[in-house]
Number of protein chains: 4
Amino acid sequence: MIGLGRMGGNMARRLMTGGHEIVAYDRDEEAVRKLADDGAIAATSLDDVREKLGEGAIWWIMLPAGAITEQTIEAIAAKAAKGDVVIDGGNSFYKDDIRRAKALAEQGIDYVDVGTSGGVWGRERGYCMMIGGREEVLTRLDPIFETLAPGMGDITRTPYDRPDGEDWRAEKGFIHAGPPGAGHFVKMVHNGIEYGLMQAYAEGFDILKSKASDKLPEDERFDLNLTDIAEVWRRGSVISSWLLDLSAIALAKDEMLVQFSGSVADSGEGQWTIDAAMEEKVPANVLTAALFARYRSRIEHTFGDKLLSAMRYGFGGHVEMPQ
Amino acid sequence: MIGLGRMGGNMARRLMTGGHEIVAYDRDEEAVRKLADDGAIAATSLDDVREKLGEGAIWWIMLPAGAITEQTIEAIAAKAAKGDVVIDGGNSFYKDDIRRAKALAEQGIDYVDVGTSGGVWGRERGYCMMIGGREEVLTRLDPIFETLAPGMGDITRTPYDRPDGEDWRAEKGFIHAGPPGAGHFVKMVHNGIEYGLMQAYAEGFDILKSKASDKLPEDERFDLNLTDIAEVWRRGSVISSWLLDLSAIALAKDEMLVQFSGSVADSGEGQWTIDAAMEEKVPANVLTAALFARYRSRIEHTFGDKLLSAMRYGFGGHVEMPQ
Amino acid sequence: MIGLGRMGGNMARRLMTGGHEIVAYDRDEEAVRKLADDGAIAATSLDDVREKLGEGAIWWIMLPAGAITEQTIEAIAAKAAKGDVVIDGGNSFYKDDIRRAKALAEQGIDYVDVGTSGGVWGRERGYCMMIGGREEVLTRLDPIFETLAPGMGDITRTPYDRPDGEDWRAEKGFIHAGPPGAGHFVKMVHNGIEYGLMQAYAEGFDILKSKASDKLPEDERFDLNLTDIAEVWRRGSVISSWLLDLSAIALAKDEMLVQFSGSVADSGEGQWTIDAAMEEKVPANVLTAALFARYRSRIEHTFGDKLLSAMRYGFGGHVEMPQ
Amino acid sequence: MIGLGRMGGNMARRLMTGGHEIVAYDRDEEAVRKLADDGAIAATSLDDVREKLGEGAIWWIMLPAGAITEQTIEAIAAKAAKGDVVIDGGNSFYKDDIRRAKALAEQGIDYVDVGTSGGVWGRERGYCMMIGGREEVLTRLDPIFETLAPGMGDITRTPYDRPDGEDWRAEKGFIHAGPPGAGHFVKMVHNGIEYGLMQAYAEGFDILKSKASDKLPEDERFDLNLTDIAEVWRRGSVISSWLLDLSAIALAKDEMLVQFSGSVADSGEGQWTIDAAMEEKVPANVLTAALFARYRSRIEHTFGDKLLSAMRYGFGGHVEMPQ
């Protein structure tokens, strides 16, 4: 396991709990020491990892997408041998996966991309994984994925004869999505959907909250209890979901959410999802609006807003200037 | 129970199973007979209902929103007596509730609006209910709602001390949202969110599906198995939800969804939610885009599309004419 | 002319320049006096207006839409006689026009609604007017509208045989749009389009401006001169327009637009246009996004933004809190 | 002039009318012959062009963006000499310009990208051009651009002292936007705005048209004359523009626009504009909605629509199946 941040560290621990042996490496020696305390074999460098893994090594990289992942894969490629497997469990762009897999295949090394959902809850609940790579390699890796995945648990089975489902893994919480890149592609769309779902709730609660607004005639205002509303929707309604569960928890703690700034970050997947939609000529108004809402949350006034004011001043003499 | 369609009939049955006595009426005599077979007291007219309910009657109306609900409430108002309660369990517009409640209050009759979610699954799972009305009346009606609601069931409790939650009912699957109209207002926003969530999934699966499109370079295509993807996302991912469960069932039956036309209806709540957003000056890009996607699904080419073609022909000589 | 604000005063002056006689009234005596200095007959009350107009009076109301217009029309209705014409030249909601026209028709009074575009430039350029009312009345009023309208001027004629155009007035800058309400309906959609056009420019210039952003790799940045760009687009490009002319003027004065706050107001027409779209089930994503951009420009962080942060904290431990 | 299609041919003719000498080449010999008839020097191959242009050659390429432009530039690069200038007047992606300019600079060849607006009207009205390249080269090329541009014409001057405008060219209808790539970047955003403007009109006219819809109560319908409305808006209204002029022409010919299919194409610039917005983290809801409306115009029912139907069937038993 290369990269022992929140995700990498937790996954390593879940694997060890499941009986797997882990060689652990991170630039941060403290992180390595902690995981060694929990039973991992500490490594001090990639060369050391190489030596300790031996033949048929499985390199699992769990680093932030971008330059650091790219460089690490290059460094490993220089040390890996035929029969090794390099797994990128981060949030890489799927076209990078396709490129890397091609390059590594020439060395006889397999590249596997794993899109992972589950966040901070994954160590306990298990990780939902979407995997790209060759089927032969997945067969070899299945015991690892089975340990990381949530398994069937107490989630009800979809009642079907599954004529169109092909992958036995799906019910255990992971799938072989396709060739290299397909794992991160499916995870990317997953995150695109996530943005859309979150924004749908966000707008709905905003409308509920603003129903007390003094912009409304007094006899049309309601002072609604959002905490109760989130709670009741969890129980029997069409919009129950895990994101709603999390919203209910947050609102129960503080219905005003005062501790949150409202400047919302976005990672690459939202943007890449829209890129993919455009490449495929698929209209994706909701997913795009959700992404743009995040951009907008981080800007007090856009330059475009000012141009609107300038035009309004130009044709109507409307004054929208700072007081 | 006035109105014994799919919703009304099932709710009456759940109530009877829970030990409540039901006087049942519908214009459709066959529906009344069926419910009587299941134990209800059959009524042949609203006058007959009046007689059979006696004093302190609780009139539960479960009819399509609009003219028929309006007329039925007017007819009942003429027969109801002080101390009666009129409940509209349909999907009325909340401003109609406010108006009706005021009118009935002058007769000493209470009006209660119940927004109900749960659909065809409600009889078994219980109904999630958002209720507007006076607290005193709700206290009287609580036994009815407790029977209809799902109760705590096996849904995990939100871990909190609930400083901001006020309504004990929320954990049982119903809430007192506020004065008359508040129930349907919350239900309306619920449906607005529902549209947004559904469209987020719809766009995501569209992007996955179209990844096999021949609009893409051949080495960038993936032929993804949507059935497996929906299934795996149900297990440990951030976007798990009941709507995803339903999607997984539908895809498992037929991954091509050939039996569905793709012309998607919308009921009033989506539109009213946007109206509310505009009245409150709340930006609701996602909920609106979701609503408009439904309008668009029912139109092959808009007139606006043709005007675009006409302009393109005008400035660029581009020809977009039927072959 | 009842109401001598910027619009009413300028229109009265253009009419007087065109040889029309004006009885002028406003609550603000100073405004009346000024117009009287320019040649109008001053009136001190609506009764005084009544007397000075004599039989077959034409009451032109030029007041802010809403309560004040409504009350003034009611007051005039009480004084008006059969054969009079009441003109609402403001921005009333077209359904109010339909209602008022019906009520006044019972008194034998004609109601005419005039949607007026032209803003502060109208006195000099002429006003573009969309008119609802009976054709017989319009024939009587045509000399007034001809004076107010820009006329053919130096705008090129649309080269056609006009098989589908019916109204000779269109080329002079006003039309008989239909029965009462139709004038304001067309003006309402005009303003909806205006919002869309403005936002298209706003977003485009925002993208140009942000191309110098340090979010981009250094070798992909351009420091573009927006003043020159707006100017060049006025000359031969597909997107030349009067709004672009105004943008070019504003940017030429100050390319940073520092004097504008960027909090952009919206009047009722944008919202009503979306209402109309929803009533007709017409998807109007662009016009809606333009309206919502204005709402958003006036809010630093929505409650929805905070909920997004709260969910992100919930599933990923992401911290988006004020520093 | 390499590429004698509608754009290239017309530009060559405008240049010759302006006294410039043109060597003309196209794979289509007929196109070359026609231009030679109009006074151009015919070339039979790129080698022949090379020879006929002599030293300090200016290669103007006017071909569809993509592979053919790329290959042609490569072929020219192999033949061009130090001091030559290669101009790409098509709609290339600006990042391709940056790359090409770097490569050619190593050979001492200048690369200039010219974004051109004007369409089929450009030969007569002149072309609006946004140019990227080194200032020294532009100075050499200015006589060419001056001939192609519309010049000041009868378009009113923006009344300013131009403290923020730097480029004398802007008033003549072309600008030096910045280094290589900047020309096509500005043109790209121009087209993004164009999509937004067009869609704003399209939605507005759709709302006007659908006001006669039988979805509305009969007394709220208006049967509006779109031809007259487009015409009147050209005269004194805030939304007058060249695109509106074109709309007025199209509607005057046939108010029903029956000859247009309503399947609307999009070229790359719309998509690239959204890419740029996302790279800069600029919300661009209107421009995106405009692009997606075009995608949607070409699809009868999306897969996402079917999934919506499937979910609705799942939770509510709603049947949306083909009859």
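A compact table of results
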item	result
Test: residue in the stretch B:295-307 that is within 15 Å of B:Val189 (Cα to Cα), modelled with pLDDT of 90 or more and either in contact with an Asp or Glu (Cβ under 7 Å, 6 or more places away or on another chain) or crowded, with 20+ Cβ neighbours inside 10 Å (or both)	no
Filter pass, A:Ala77 being away from chain B (no Cβ under 14 Å), touching a strand residue (DSSP E or B) at 6+ places or on another chain (Cβ under 8 Å) and assigned to a helix (DSSP H, G or I)	yes
B:Ala230 vs. criteria buried (at least 20 other Cβ atoms within 10 Å of the Cβ), farther than 21 Å from D:Glu320 by Cβ, of a type in the set (Gly, Ala, Ser) and within 26 Å of the chain's Cα centre (by Cα)	no
Selection within the stretch C:296-311 - more than 7 Å from every other protein chain (Cβ to nearest Cβ) and either touching a strand residue (DSSP E or B) at 6+ places or on another chain (Cβ under 8 Å) or part of a helix (DSSP H, G or I) (or both)	none
Boolean, D:Gly204 is closer than 30 Å to D:Gly126 by Cβ and more than 8 Å from chain C (Cβ to nearest Cβ)	no
Check on B:Ala293, closer than 20 Å to C:Gly192 by Cβ, facing chain D (nearest Cβ under 10 Å) and in a helix (DSSP H, G or I)	yes
Residue satisfying condition, being free of Cβ contacts under 8 Å to residues at least 40 places away in the same chain and at negative phi, within set D:Gly262, D:Gly270, D:Gly304	D:Gly304
Qualifying residues in the stretch B:58-72 (those that are in a strand (DSSP E or B) and touching a Gly at 6+ places or on another chain (Cβ under 9 Å)) - the one surrounded by the fewest Cβ atoms within 10 Å (Cβ to Cβ)	B:Ile61
Looking only at the stretch B:203-227, and only at residues there that are hydroxyl-bearing (Ser, Thr, Tyr) and over 29 Å from the mean Cα position of the chain (by Cα), the one that is nearest to D:Ser309 (Cα to Cα)	B:Ser210
Search result, residues across the stretch B:101-140 that are touching a residue at least 24 places away in the same chain (Cβ under 8 Å), part of a helix (DSSP H, G or I), more than 14 Å from chain A (Cβ to nearest Cβ) and not hydrophobic (A, V, I, L, M, F, W, C)	B:Arg140
Filtered residues of the stretch A:276-290 (kept if part of a helix (DSSP H, G or I), away from chain C (no Cβ under 12 Å) and closer than 18 Å to D:Arg298 by Cβ)	A:Ala276, A:Ala277, A:Met278, A:Glu279, A:Glu280
Residues being part of a loop (DSSP other than H, G, I, E, B) and modelled with pLDDT of 95 or more - total across the stretch D:151-196	4
Residue in the stretch B:92-103 that is of a type outside the set (Val, Ile, Thr) and more than 29 Å from B:Ala276 (Cβ to Cβ) present	no
Selected residue (only one of B:Glu55, B:Glu51, B:Glu106, B:Glu30 is exposed (fewer than 14 other Cβ atoms within 10 Å of the Cβ) and either hydroxyl-bearing (Ser, Thr, Tyr) or under 25 Å from A:Phe222 (Cβ atoms) (or both))	B:Glu106
Residue list for the stretch A:138-197, restricted to those being among the basic types (Lys, Arg) and either under 21 Å from the mean Cα position of the chain (by Cα) or at negative phi (or both)	A:Arg140, A:Arg157, A:Arg169, A:Lys172, A:Lys187
Residues that are assigned to a helix (DSSP H, G or I), within 18 Å of B:Thr72 (Cα to Cα) and of a type in the set (Asp, Glu), drawn from the stretch B:20-57	B:Glu29, B:Asp47, B:Asp48, B:Glu51
Among (1) out of contact with any Ser or Thr (no Cβ under 8 Å at 6 or more places or on another chain); (2) not in a helix (DSSP H, G or I), the one test that C:Leu257 misses	(1)
Test: residue in the stretch D:207-227 that is more than 28 Å from C:Ala290 (Cα to Cα), polar (S, T, N, Q), without any contact (Cβ under 8 Å) to a residue 60 or more places away in the chain and surrounded by fewer than 22 Cβ atoms within 10 Å (Cβ to Cβ)	no
Residues satisfying the stated conditions in the stretch D:1-21, i.e. surrounded by fewer than 23 Cβ atoms within 10 Å (Cβ to Cβ) and either in contact (Cβ under 8 Å) with a residue 40 or more places away in the chain or closer than 18 Å to D:Gly122 by Cα (or both)	D:Gly5, D:Arg6, D:Gly9, D:Asn10, D:Arg13, D:Arg14, D:Leu15, D:Met16, D:Thr17, D:Gly18, D:Gly19, D:His20
Filter result (under 28 Å from A:Phe205 (Cβ atoms), surrounded by fewer than 21 Cβ atoms within 10 Å (Cβ to Cβ) and within 7 Å of another protein chain (Cβ to nearest Cβ)) within the stretch B:250-270	B:Ala265
Enumeration of residues in the stretch C:87-125 that are of a type in the set (Val, Ile, Thr) and in contact with a Gly (Cβ under 7 Å, 6 or more places away or on another chain)	C:Ile98, C:Val112, C:Val114, C:Thr116, C:Val120
Whichever residue in the stretch A:109-127 is surrounded by 24 or more Cβ atoms within 10 Å (Cβ to Cβ) and either among the aromatic types (Phe, Trp, Tyr) or out of contact with any helix residue (DSSP H, G or I) (no Cβ under 9 Å at 6 or more places or on another chain) (or both) and, among such residues, is farthest from A:Leu138 (Cα to Cα)	A:Tyr127
Failed item in (1) crowded, with 20+ Cβ neighbours inside 10 Å; (2) of a type in the set (S, T, N, Q); (3) out of contact with any Lys or Arg (no Cβ under 8 Å at 6 or more places or on another chain), with C:Ser45 passing the rest	(1)
Residue among C:Ser263, C:Ser247 that is polar (S, T, N, Q), modelled with pLDDT of 90 or more and not in a helix (DSSP H, G or I)	C:Ser263
Boolean, B:Glu280 is of a type in the set (Asp, Glu) and within 23 Å of A:Gly196 (Cα to Cα)	yes
Residues of the stretch D:186-201 satisfying the condition of being more than 7 Å from chain C (Cβ to nearest Cβ) and not basic (Lys, Arg)	D:Met188, D:Asn191, D:Tyr195, D:Met198
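Residues are listed down the side, and each one gets a yes or a no for (1) touching a helix residue (DSSP H, G or I) at 6+ places or on another chain (Cβ under 9 Å); (2) at pLDDT 95 or above; (3) of a type in the set (S, T, N, Q); (4) at negative phi:
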{"residue": "A:Thr69", "(1), (2), (3), (4)": "yes, yes, yes, yes"}
{"residue": "A:Ile73", "(1), (2), (3), (4)": "yes, yes, no, yes"}
{"residue": "A:Ala81", "(1), (2), (3), (4)": "yes, no, no, yes"}
{"residue": "A:Asp84", "(1), (2), (3), (4)": "yes, yes, no, yes"}
{"residue": "A:Gly89", "(1), (2), (3), (4)": "yes, yes, no, yes"}
{"residue": "A:Lys95", "(1), (2), (3), (4)": "yes, yes, no, yes"}
{"residue": "A:Arg99", "(1), (2), (3), (4)": "no, yes, no, yes"}
{"residue": "A:Leu104", "(1), (2), (3), (4)": "yes, yes, no, yes"}
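The values are calculated or read from the model by the stated rules, or taken from the named source; none is laboratory data. Predicted, not measured: the structure shown is a model, and the values here were computed from it. Cβ coordinates were reconstructed from backbone atoms using ideal geometry, including for glycine residues, and neighbour counts include every protein chain displayed.
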